1. Just to be sure I follow: if Rg is taken over the C-alpha atoms of the chain and Rh is the Kirkwood radius over the same atoms, what is Rg/Rh?
2. Can you work out the Karplus-derived ³J(HN,Hα) for every residue in the range 110-120? Use 6.51 cos²θ - 1.76 cosθ + 1.60 with θ = phi - 60°, whole Hz, and x for glycine or proline.
3. Please work out the FRET efficiency for the pair Ser163 and Glu211, using the Cβ-Cβ distance as r and a Förster radius of 25 Å; give the result to the nearest 0.05.
4. Based on Cβ point charges of +1 for Lys and Arg and -1 for Asp and Glu, what charge dipole magnitude is obtained for the range 6-236 about its Cα centre, in debye rounded to the nearest 20?
5. Report P(r) for the range 264-331: all Cα-Cα distances, bin width 10 Å, range 0 to the bin holding the largest distance, values in whole percent.
6. Per residue of the range 27-38, in order, report the coupling 6.51 cos²θ - 1.76 cosθ + 1.60 (Karplus, θ = phi - 60°) as ³J(HN,Hα) in whole Hz, putting x for Gly and Pro.
7. Students often get this wrong, so check it: of Lys147/Lys172; Lys181/Lys317; Lys164/Lys234, which have C-alpha atoms separated by over 22 Å?
8. D for the range 1-98, whole µm²/s, Stokes-Einstein with Kirkwood Rh over alpha-carbon pairs at 37 °C and 0.692 mPa s: what number?
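All of the numbers you see were taken from the coordinates with simple rules; none came from a lab. None of these values were measured; they are calculated from a predicted model. Reconstructed Cβ throughout: ideal geometry from the backbone, glycine too, with neighbour counts over all protein chains shown.
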Amino acid sequence: MVSRIAFGGIPIMRLPKEEAVSVVRGVIDMGVNFLDTANAYSDSEEKIGQAIKGIERDSLVIASKSTATDKKTFLSHLDLCLERLGTDYVDFYQLHNVSSRAKHDAIFAPGGAYEGLVEAERAGKVRFKAFSSHSIPLAMGIMKTGKFAAVQLPFNFVDDEASKEAIPLAIKLDMGFICMKPFGGGLLDSADLAIRYLLQFDGIVPDPGIEKLSEMREIVSIVNERKPFSEADKKVMDSLRKELGDRWCHRCDYCQPCPQGIGISSVLTVESMIKRMPLERVFAMARESIERARCCIECGACAARCPYSLPIPRLLKEKVAVWDKTVAGNAA
Ligand code: SF4
Ligand code: SF4
């Protein structure tokens with residue numbers, strides 16, 4: 001059994017090691033037993049490993065992820081994960097961000113990462129097979145194969161597509177549902193509203209990434225308070241939704257392919273990365289996408305495919321401007 005709330009290990013990447021360790025310990029002391037990290041989150045696994053030293057292993061539920069599509073790399077990520085965490089098993093190991101058909105096909109091909117996951121489960125290195133995705137239709141197809149014990153999908157009150165079919169499906173299949181981006185990847189400022197919205201749904205575990213103990217303290221007190229989500233809350237939520245409505249990239253990648261090879265969702269979500277991650281890491285991860293975005297020929301093919309009618313070429317320009325300002329600010 002996991003706690004009602006998980007701890008998402010992205011933001012501790014930006015903290016010095018000692019501070020990160022003390023945040024993770026503090027979170028565990030608050031009764032949060034579910035820690036979620038990933039190979040892709042820089043030194044997050046290592047910091048969590050330091051923090052859990054001396055804590056009874058089976059009092060914790062630890063989840064991590066690998067973005068690898070081939071078996072060899074996947075298994076090397078898992079071994080590194082176990083070494084960094086200082087444990088001989090993880091509870092959930094997730095195929096990370098299975099959001100495109102191409103990635104899906106590579107993972108499930110002979111010699112793909114899924115074979116590695118099965119092997120790791122047999123060897124006792126992984127208790128439960130899981131995956132994460134930003135594409136609800138693709139994820140639902142994978143869920144229906146019956147191969148996985150848990151799924152991680154984005155779900156919050158502006159990005160609520162998962163509530164329609166994916167969450168009921170997870171419950172029907174008795175799968176765990178880890179709720180990614182409970183605050184909309186940094187877009188929702190009201191923890192109270194965002195968390196109470198999610199708590200209306202049984203069978204899901206919100207997975208907020210936090211870097212300050214005060215943030216988790218606030219979240220835990222919202223959980224413990226059990227204040228219901230009211231009609232007045234719904235009105236506030238509706239107006240926030242309206243405000244964000246046409247500006248919110250769901251990272252579904254339905255807008256692809258772009259003839260200029262622009263990673264549209266990476267560019268449109270760069271502001272949220274800037275808010276949450278160490279700048280050097282954002283610069284390293286997003287520079288190429290941003291440079292490509294400057295080559296947009298405004299053909300409009302992407303916007304025509306976006307189910308959320310995002311004005312993509314205009315938004316790309318806005319995000320590139322935010323990037324340039326951040327780079328200039330950092331150099332000053
Ligand atoms: S408008 Fe720009 S981003 Fe969209 S498909 Fe055309 S070139 Fe790519
Ligand atoms: S721009 Fe639209 S289609 Fe592309 S990833 Fe974002 S929400 Fe999906």
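1. Details: Rg = 19.5 Å, Rh = 20.6 Å.
Radius of gyration relative to Kirkwood radius: 0.95.
2. So the Karplus estimates, Gly and Pro as x, are x, x, x, 4, 4, 4, x, 5, 4, 4, 5 Hz.
3. The pair Ser163/Glu211 has a calculated efficiency of 0.35.
4. On the way: 28 positive and 33 negative charges, 79 e Å.
Using Cβ point charges on Lys, Arg, Asp and Glu, the range 6-236 gives about 380 debye.
5. Taking every Cα pair in the range 264-331, the percentages come to 20, 54, 22, 4.
6. 5, 5, 4, 7, x, 7, 10, 10, 10, 10, 9, 6
7. On the way: Lys147/Lys172 14 Å; Lys181/Lys317 25 Å; Lys164/Lys234 17 Å.
Cα-Cα > 22 Å for Lys181/Lys317; rest within.
8. Roughly 246 µm²/s, to the nearest whole number.
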